[in-house]
Protein chains: 2
Amino acid sequence: MTSPGSVGVVQARLAEFDQPLALSCGQTLPSYQLAYETYGTLNAAHSNAILICHALSGTHHVAGTYDGQPDNIGWWDNMVGPGKPVDTNRFFVVGVNNLGGCHGSTGPASTNPATGHPWGSSFPFVTVEDWVHAQARLADRLGIQRFAAVMGGSLGGMQALQWSLAYPDRLSHALVIAAAPKLSTQNIGFNEVARQAIVTDPDFNGGNFIEAGVVPRRGLRLARMLGHITYLSDDAMHEKFGRELVGGQQRFSLEVDFAIESYLRYQGDKFSSRFDANSYLIMTKALDYFDPAASFGEGDLSRALSRARASFLVASFNSDWRFSPARSREIVKAVLDNRLPVAYAEIDAPQGHDAFLMDNPDYQSLVATYLQRVAAECQAALPLAGAAVATTDTGLGPTLDKATNASASSTMGGA
Amino acid sequence: MTSPGSVGVVQARLAEFDQPLALSCGQTLPSYQLAYETYGTLNAAHSNAILICHALSGTHHVAGTYDGQPDNIGWWDNMVGPGKPVDTNRFFVVGVNNLGGCHGSTGPASTNPATGHPWGSSFPFVTVEDWVHAQARLADRLGIQRFAAVMGGSLGGMQALQWSLAYPDRLSHALVIAAAPKLSTQNIGFNEVARQAIVTDPDFNGGNFIEAGVVPRRGLRLARMLGHITYLSDDAMHEKFGRELVGGQQRFSLEVDFAIESYLRYQGDKFSSRFDANSYLIMTKALDYFDPAASFGEGDLSRALSRARASFLVASFNSDWRFSPARSREIVKAVLDNRLPVAYAEIDAPQGHDAFLMDNPDYQSLVATYLQRVAAECQAALPLAGAAVATTDTGLGPTLDKATNASASSTMGGA
């Protein structure tokens with residue numbers, strides 16, 4: 001056991017897939033690539049892998065930094081690393097950018113090989129189901145037949161839940177954090193305002209803004225500003241900004257008056273220069289569409305979860321009004337209805353939905369303790385045959401060496 | 001006592017004011033007009049008047065319909081009328097459009113007499129304080145020295161509260177419904193997103209869109225869509241729209257999928273064709289700025305309310321997350337600290353903030369019962385001298401006849 005640290009300098013990898021992927025929308029992606037990172041070492045039994053799924057605007061860069069970019073720290077660096085709750089001394093951790101994203105995996109900003117132009121508006125609306133299928137292929141490529149755990153917060157937690165339904169025999173544990181079994185009407189409403197902000201931005205150009213040489217920054221900025229409000233609790237915003245006036249007094253103009261305005265504008269501006277507008281549309285639609293009870297159980301989540309075989313850790317945060325604890329308890333109930341093991345914690349945290357990304361001793365020790373048990377199970381597990389893995393994706397051939405390289409280069413921070 | 005009915009066909013009136021109005025922002029409006037309506041008859045003692053203050057997008061058209069426009073029903077028609085909780089058989093009810101609005105009172109869409117052009121972006125940012133001063137002048141004009149009650153919901157409730165501070169001797173009762181003593185950080189955040197949607201609309205033209213011959217519809221539409229979400233409870237949205245798909249199945253496109261999307265787009269479109277963008281900015285800024293504790297009590301609402309002399313009815317709705325019951329209780333506490341009479345009710349209503357506009361027997365009987373007591377007080381009151389009233393606004397002369405006409409024409413629905 002090392003002292004808490006960083007995985008250090010890591011390197012993103014690209015996995016190319018030439019086998020067509022049939023999507024929920026009815027279209028087929030003829031080929032695609034996934035950007036991913038790994039930390040830690042896959043054990044001989046290939047039994048210690050953990051997949052981390054990202055939320056709306058997340059990426060495969062989960063932990064560590066990049067060479068020469070010491071400030072480019074992974075989004076869950078406080079959770080993943082040597083001695084951290086997701087302990088890279090014990091686990092082989094995989095982070096992956098989802099299809100439709102804009103950080104290396106194939107998405108609307110990528111070139112459509114059939115046309116030689118950016119996909120833009122013609123990129124298909126991918127779903128959580130599609131992401132999980134693509135992630136399963138990446139697992140094949142990495143020689144992982146079964147994950148010790150699949151985990152994520154928010155939309156990432158939905159993917160962990162979906163894994164338990166789509167590939168019940170390919171994960172032992174699902175860690176579903178700050179998630180919901182489906183969006184509420186209000187959740188969809190907020191997403192729709194964000195989407196309309198983007199699509200009515202004159203620079204959106206029907207989604208083909210790259211070819212037009214512009215960026216719908218206004219729309220993305222508004223979408224992010226709105227999103228941010230829903231990520232934070234009212235109390236957290238009050239605590240951080242209150243009614244503080246940046247100029248000390250009311251300006252009686254459209255300039256920034258309150259500190260919260262300044263914060264939201266800054267967050268919006270920053271996001272609008274780094275995120276692809278079509279990706280934002282796709283990610284929010286994937287959120288809206290996710291509804292495993294409808295897909296698998298005719299509206300009954302318990303029935304949908306009858307397919308699951310995993311053990312669950314479900315965690316919520318008491319100040320999260322975007323995906324409130326009640327939404328997590330719906331998942332817990334459905335798991336219990338199926339007599340599957342489930343641990344549930346409603347964590348006292350003031351930050352709101354964003355709490356799943358924050359330092360919190362209760363939260364971090366919950367995940368740490370749960371995963372220590374999972375690590376003990378991994379050590380007891382029998383090795384799986386590598387050949388059996390490769391046959392699940394026959395067109396591609398093994399790329400285990402590549403993954404091992406990525407893994408080796410990513411454990412510099414560990415001891 | 002008549003059976004519940006409508007005030008019938010009513011007529012809006014305009015009151016012109018040539019006496020300059022000094023505003024909170026430091027500017028002075030040299031002249032202005034206020035659109036208003038009245039229902040019922042002012043008694044001989046001038047003691048039975050109730051002022052109704054409107055919320056963000058409300059108007060002076062509180063009750064009844066207009067000639068030839070049977071569907072143009074006042075926004076609080078279920079509350080105001082003969083036999084209704086605000087009983088026009090007993091009370092002389094005044095509705096007024098606030099300064100900066102866009103329904104007849106002087107606002108950014110009005111012509112600036114100094115330039116002959118629309119005010120546009122040069123219209124001053126008026127405040128709740130300014131509105132109350134302007135309303136007091138209208139009261140002078142109508143011969144009302146003291147209101148039996150000033151009442152309103154949401155931003156309207158804030159005006160009722162402000163009346164109790166600015167003119168403590170000019171109202172007997174303040175009915176503060178679904179309000180808050182000041183906006184929370186989150187409230188300001190939502191307003192800021194709405195404002196940024198408007199000001200970044202390329203058609204906004206720095207606020208001078210009328211002269212440019214365009215309307216920033218995109219921005220107004222987004223502002224209203226967002227607003228609507230905050231007016232409704234999550235449960236109410238779920239109850240009304242759920243996750244219903246308008247086409248029966250997911251479209252995997254940017255067309256309308258969910259019924260809630262259709263509803264929000266419709267509301268946004270409707271609003272964007274009827275409301276002035278600059279007025280929306282001004283109204284939201286007035287909301288943000290309102291903070292009587294800061295203005296009068298150095299941050300202490302109890303100290304601010306030491307000026308008040310009115311009796312209070314404070315009402316909140318349990319599903320209102322925009323101005324939650326806790327915000328109303330802050331007002332109640334401050335009133336109690338000053339040993340003033342206060343009745344408080346937290347009403348069980350599923351609709352969220354909009355509940356203050358909805359039919360609800362508990363709510364309506366609360367207001368009815370409270371105002372029956374107020375009506376009894378009015379009958380016991382001594383007549384005030386009309387001459388004494390007129391001297392408070394000497395430059396204008398009496399216009400009581402005008403008000404009486406409006407009142408006479410507005411009681412057709414009564415018996």
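The values are calculated or read from the model by the stated rules, or taken from the named source; none is laboratory data. Predicted, not measured: the structure shown is a model, and the values here were computed from it. Glycine also receives a Cβ, built like all others from the backbone with ideal geometry; neighbour counts cover every protein chain displayed. SASA here: full protein model, heavy atoms, side chains in, ligands and nucleic acids out. Shrake-Rupley method; radii C 1.70, N 1.55, O 1.52, S 1.80 Å.
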Per residue, the convex hull enclosing the Cα atoms of chain A spans a volume in Å³ of 147
Alpha-carbon centroids, segment A:1-44 and segment A:197-268: separation in whole Å: 32
From the cross-link list A:Lys285/B:Lys285; A:Lys270/A:Lys333; A:Lys270/B:Lys285, which pairs have alpha carbons spaced over 29 Å apart? A:Lys285/B:Lys285; A:Lys270/A:Lys333
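Quick one: longest stretch of chain A between exposed loop trypsin sites (Lys or Arg not before Pro), exposed meaning at most 12 other C-beta atoms within 10 Å and loop per DSSP? Show your work: numbers first, answer last.
Numbers: sites that count: A:Arg274, A:Arg339.
Here the longest segment lacking exposed loop sites spans A:1-273.
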Karplus 3J(HN,Hα) series, Hz, for segment B:186-194 with 6.51 cos²θ - 1.76 cosθ + 1.60 (x for Gly, Pro): 4, 4, 4, x, 4, 4, 5, 4, 4
In degrees between 0 and 90, to the nearest 10, how far off the longest principal axis of chain A does helix A:128-141 point, with axes built from Cα atoms? 40
Taking DSSP loops as anything outside H, G, I, E and B, show the longest stretch in chain B free of GluC sites (Glu not before Pro) there with at most 10 other beta carbons within 10 Å. B:1-254
Phi-derived 3J(HN,Hα) across segment A:112-118 with the Karplus relation (6.51, -1.76, 1.60, θ = phi - 60°), rounded Hz, x for Gly and Pro, is 6, x, 6, 10, x, 10, x
Size of the dipole of segment A:156-217 about the Cα centre, Lys and Arg at +1 and Asp and Glu at -1 on the beta carbon, nothing else charged, in debye to 20? 220
I'd like the accessible area for A:His353: 1.4 Å probe, protein heavy atoms, all chains in place, Å² to the nearest 10. 0
Label spacing, shortest first and in nm, from A:Tyr66 to its equivalents in the remaining copies (7 angstrom along Cα→Cβ): 5.9
Pull up all non-local amide H partners of B:Asn208: gap of 5 or more, or a different chain, and H-to-H distance under 5 Å with H placed in the peptide plane. B:Ser121
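Summing +1 for each Lys or Arg and -1 for each Asp or Glu, what net charge is found among the other residues whose Cβ lies under 10 Å from the Cβ of B:Gly100? Each step should come with its number before you reach the end.
Numbers: positive: B:Lys285; negative: B:Asp130, B:Asp276.
Result for the neighbourhood of B:Gly100: -1.
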Quick one: which bits of segment A:177-210 get at least 30 Å² less accessible when the partner protein chains are in, versus the chain alone, with a 1.4 Å probe? A:Thr185, A:Gln186, A:Ile188, A:Gly189, A:Phe190, A:Glu192, A:Val193, A:Gln196, A:Thr200, A:Pro202
Below 8 Å between Cα atoms, with a sequence gap of 6+, how large is the relative contact order for segment A:15-108 in percent? 32
Excluding residues fewer than 8 places away in the same chain, name every one of the aspartates and glutamates whose C-alpha is closer than 16 Å to that of B:Lys84. B:Asp359, B:Asp362
What is the angle, in °, between the Cα long axis of helix A:325-337 and the longest principal axis of the Cα atoms in chain A? Nearest 10 is fine, range 0 to 90. 20
Given unit charges at Cβ for Lys, Arg (+) and Asp, Glu (-), the dipole magnitude of the protein assembly as shown about its Cα centre in debye, nearest 20, is 320
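Using only alpha carbon pairs under 8 Å that are at least six residues apart, calculate the relative contact order of segment A:143-208 and give it in whole percent.
29
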Enumerate the amide H contacts of B:Leu313 below 5 Å, restricted to partners 5 or more residues apart or on another chain; note that Pro and chain-start residues carry no placed amide H. B:Ala174, B:Leu175, B:Val176, B:Ala343
Sequence-distant or interchain residues sharing an amide H contact under 5 Å with A:Phe147, placed H: which? A:Leu171, A:Ser172
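Hey, what did segment B:194-290 get for relative contact order, percent, Cα under 8 Å, at least 6 apart? The partial results should precede the final answer.
On the way: 101 pairs, mean separation 30.7, N = 97.
RCO, segment B:194-290: 32 percent.
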Helix A:277-289 axis, angle to chain A major axis (alpha carbon atoms, nearest 10°): 70
Shielding by partners - mean other protein chain Cβ count within 10 Å, residues of A:282-294: 2
Please turn the phi angles of segment A:14-25 into ³J(HN,Hα) values with the Karplus equation 6.51 cos²θ - 1.76 cosθ + 1.60 (θ = phi - 60°), one per residue in order, whole Hz, x for glycine and proline. 10, 10, 9, 10, 9, 7, x, 10, 6, 9, 4, 6
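To the nearest 100 Å², how much accessible surface do chains A and B hide from each other in total, with a 1.4 Å probe?
Working: alone 17100 and 17080 Å², together 29670 Å².
Answer for the A-B pair: about 4500 Å² buried.
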